[in-house]
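Visitor: My structure is below; once you've seen it, I'll send some questions.
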Amino acid sequence: MRYIMPCLLPLPIGDYQRELVDIIAARFGLTLTQRQAIPAHFTLKYHFTTPEIGQVEALLDDFVRRQRKAPITVGRFGHFFEDIVFVEVEFSAAAQRAFDALVSALRTLPWMSWDQFDAEKLHPHVTIAERCRPRFAEIWEFLKPRERRFTACFDNITILKKVGEADDMDLWAVHRRFDLGD
């Protein structure tokens with residue numbers, strides 16, 4: 001089975017992300033992010049495949065018992081080239097330490113695959129538009145007055161499981177959520 005590992009974000013951020021995704025879809029016809037309908041999140045570990053998700057679950061059960069939630073800031077717009085527009089996720093020093101510890105723990109699984117944007121190369125973000133290069137300049141200007149900032153926590157590690165495909169995109173569902181301690 002194929003999985004991805006995000007940190008799901010709370011409703012004020014989720015509402016903001018959904019509002020931006022919906023308005024960009026309606027105004028610019030960029031519906032991919034909207035159709036994916038994945039809850040607001042930032043990715044901790046990109047796609048991996050395993051028939052033994054129980055190994056990952058055991059590792060995460062142990063990890064969240066030893067780690068505490070840590071503050072993050074969500075705000076400011078950013079982009080990857082002109083293809084993806086997102087809201088930045090900034091880690092506090094404590095959140096960065098927790099993330100680094102997660103990467104170290106996952107590296108103990110010899111079969112775990114690592115993407116070119118995983119681990120130390122991860123750029124935490126909340127996606128709001130994809131495949132936007134042809135209209136990037138318009139979208140960028142449109143978004144500027146809509147920027148907001150939120151404080152939240154890196155407080156969970158969630159495993160999403162691929163449950164199918166439709167319209168040239170993967171479909172995902174929550175497999176299991178692991179909450180970090182207070």
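Read-outs: derived from the displayed coordinates by stated rules, not from any lab. Model, not experiment: these values are computed from the prediction. Using ideal geometry, Cβ is built from the backbone for each residue, glycine included, and neighbour counts are taken over all protein chains shown.
Visitor: Can you list the HN-Hα couplings for the range 67-81, worked out from phi with the Karplus curve (6.51, -1.76, 1.60; θ = phi - 60°), rounded to whole Hz and with x for Gly and Pro?
Guide: Per residue, the Karplus-derived 3J(HN,Hα) values read 10, 10, 4, 9, x, 9, 10, 10, x, 6, 8, x, 7, 9, 6 Hz.
Visitor: I would also like to ask the following. Under the rule of at least 5 residues apart or a separate chain, name every residue whose amide H is placed under 5 Å from the amide H of residue 153.
Guide: 72
Visitor: Under 27 Å Cα to Cα from residue 144, which lysines show up? Leave out anything in the same chain fewer than 8 places away.
Guide: 121
Visitor: What list of ³J(HN,Hα) couplings, whole Hz, do you get for the range 113-126 from phi and the Karplus terms 6.51, -1.76, 1.60, once you set θ to phi - 60° and write x for glycine and proline?
Guide: In residue order, the calculated couplings are 7, 10, 7, 5, 10, 8, 6, 5, 9, 5, 10, x, 7, 10 Hz.
Visitor: Tell me the net charge near residue 83. Cut-off is 14 Å between Cβ atoms, residue 83 excluded, with +1 for each Lys or Arg and -1 for each Asp or Glu.
Guide: Working: positive: 131, 133, 135; negative: 82, 130.
Counting the neighbours of residue 83, the net charge comes to +1.
Visitor: Give the order of 175, 41, 123 when sorted by the count of other beta carbons within 10 angstrom, beginning with the fewest.
Guide: Fewest-to-most ranking of 175, 41, 123: 123, 175, 41.
Visitor: Here is a follow-up. Under 11 Å from the Cβ of residue 69, count the other residues' Cβ atoms, weight Lys and Arg +1, Asp and Glu -1, and hand me the total. Spell out each step's value before the answer.
Guide: Numbers: positive: 68; negative: 155, 179, 182.
Within the 11 Å Cβ shell, the charges total -2.
Visitor: Run the helix sum for the chain: -39,500 (n - 2.57) per DSSP H stretch of 4+ residues, divided by residue count, reported at 222 nm to the nearest 500 deg cm²/dmol. Let's see the in-between values first.
Guide: Details: 5 runs with 59 residues, N = 182.
The per-residue figure over the chain is -10000 deg cm²/dmol.
Visitor: Turning to a different aspect of this structure: Under 5 Å between amide H atoms, partner at least 5 residues away or on a different chain: which partners does residue 175 have, H built in plane at 1.01 Å?
Guide: Long-range HN contacts for residue 175: 159, 160, 161.
Visitor: Further question: Convex hull volume of the Cα atoms in the range 1-56, per residue, in Å³?
Guide: 87
Visitor: On to the next question. Could you give the radius of gyration (one decimal) and Dmax (whole number) of the Cα atoms in the chain, in Å?
Guide: Over the chain's Cα set, Rg and Dmax evaluate to 16.4, 46 Å.
Visitor: Just to confirm a number: summing +1 for Lys and Arg and -1 for Asp and Glu over residues other than residue 115 whose beta-carbon lies under 11 angstrom from that of residue 115, what do you get?
Guide: Around residue 115, the surrounding residues sum to +1.
Visitor: Sticking with this structure for a sec: Return the long-range amide H neighbours of residue 125 (sequence gap of 5 or more, or a different chain), with a cut-off of under 5 Å between placed amide H atoms.
Guide: 43, 89
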